[in-house]
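Below is one structure; the comments refer to it alone.
The values are calculated or read from the model by the stated rules, or taken from the named source; none is laboratory data. Model, not experiment: these values are computed from the prediction. Glycine gets a Cβ as well: all are built from the backbone with ideal geometry, and neighbour counts include every protein chain shown. Please note that ligands, DNA and RNA were not included when accessible areas were found on the heavy atoms of the full protein model with its side chains. Shrake-Rupley method; radii C 1.70, N 1.55, O 1.52, S 1.80 Å.
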Amino acid sequence: MKNKKNELFHLLREYLTIYFPKQKNASEHTLKSYRETLNLFITFLAEQKGRPLYGVTFDDITQDAVNSFLDWLSANRKCGASTLNQRLSAIRAFLKYSGSRIPAMNGYYISMQAVPFRRQEKRISVDHFSEASLEAILKQPDASKKKQHRDLFFMIMLYDTGARDSEMLGLRPADVVIKCASPYVFIRGKGKKERTVPIMEQTKQHFLSYTKRFGLDVSDSTTPLFYTEIHGQKCQMSDDNVARFINKYAAMAKAVCDEVPENVTPHMWRHSRALHLYRKGVPLPLISEWLGHSDMETTLIYAYADTEMKRKAIEKATSANHPLCNQSTTPSSDVDDDTIRIYCGLK
């Protein structure tokens, strides 16, 4: 793999296995996102060119190719502007690295600056569920069954802390501090930022019940708090597993509570908790700190969402015969693809 044609794969391997994780010290979450983006992009190029993966070269990375890739993500994967911009940033970052390693490659990075970021429409609402929905969902697991006991505690912690799914999965028992007057959870967030989040006394009791049943030492700082056993080893539970059981309990809850949304995602718990706190009068700066937002602007979405709910309530309460409602409006290689992905750190 030393011919010039395959410089792309040499640099991919360096970038994903050495530079990004070790020299740039990127978080696991960010590395996973960049690896997925570059994997999708290289696969897309191979399929578009009708050649094996190993036949893709830097010459295939053009402005048109990247725009086509982003359009494909939008149409086939229903990616929004924010996700598309993240994908574009990942591609640009790799090309910038390639240019720093091999100056002759810098033209690809310069060319990619002409690919515009997708415009993001300012949302005035967030996907969330009501407190009645929360109650209905939490009633679905059968806590007498061990795995469902774990699922129930995960959802309780997810809501009480407002943590991201990845932050929850990264917790260790020792991160839940209970030997103090006000129990709290130590959370490692995006960009390796750390914060402490208080939890309710009831959540503390659920934690003690859970750790006792699962044989976890509350002072253990190495074992995942939420795990699955593989060949006798306790491995961190996957986000796919979380999405699976949350969808299951939400579907069960919808049969008894119409307020439960059609599609309940793990991140919706974070939005819901923040919105519920805001509606109860908790100041936005405090919610921003609690969520681990680096920019207060990010938290303002909950204020916009609350305004939207008020508007809908007013419209619902306004009679169809109200004067306002009656007004008219104004007018080729033998190396298989999986081997290449593993070698380059794409998998």
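Quick notes
- Using heavy atoms of the protein chains and a probe of 1.4 Å, the accessible area assigned to L31 is about 20 Å².
- The residues H276, H29, H10, sorted by heavy-atom accessible surface at 1.4 Å with ligands and nucleic acids left out, run H29, H10, H276 from largest to smallest.
- Residue-wise HN-Hα coupling along region 237-248, computed from phi with Karplus coefficients 6.51, -1.76, 1.60 (Hz; x: Gly, Pro): 5, 8, 5, 5, 5, 4, 4, 5, 6, 5, 4, 4
- Entries of K147/K204; K32/K212; K24/K192 with Cα pairs more than 24 Å apart: K32/K212
- In order along region 33-49, the phi-based Karplus estimate (6.51 cos²θ - 1.76 cosθ + 1.60, θ = phi - 60°) of 3J(HN,Hα) comes to 5, 5, 4, 4, 4, 5, 5, 4, 5, 5, 5, 4, 4, 4, 5, 5, 8 Hz; Gly and Pro are listed as x.
- Across region 1-71, the relative contact order, built from alpha-carbon pairs under 8 Å that are at least six residues apart, equals 33 percent.
- In sequence order, calculated HN-Hα J values of region 193-198 (Karplus, 6.51, -1.76, 1.60; Hz; x Gly/Pro): 6, 10, 8, 10, 10, x
- Using C-alpha pairs under 8 Å with a sequence gap of at least 6, the mean separation divided by the residue count of region 67-184 gives a relative contact order of 13 percent.
- Here the calculated FRET efficiency for S100 and V256, from their Cβ-Cβ distance with R0 = 56 Å, stands at 0.45, rounded to the nearest 0.05.
- Rolling a 1.4 Å probe over the protein heavy atoms leaves R213 with an accessible area of roughly 90 Å².
- Gain on full extension, evaluated as 0.36 nm per residue between T228 and A81 minus their Cα-Cα distance, stands at 49.5 nm.
- Close amide H contacts of Y227 (hydrogens built in the peptide plane, cut-off under 5 Å, sequence separation of 5 or more or a different chain): M237.
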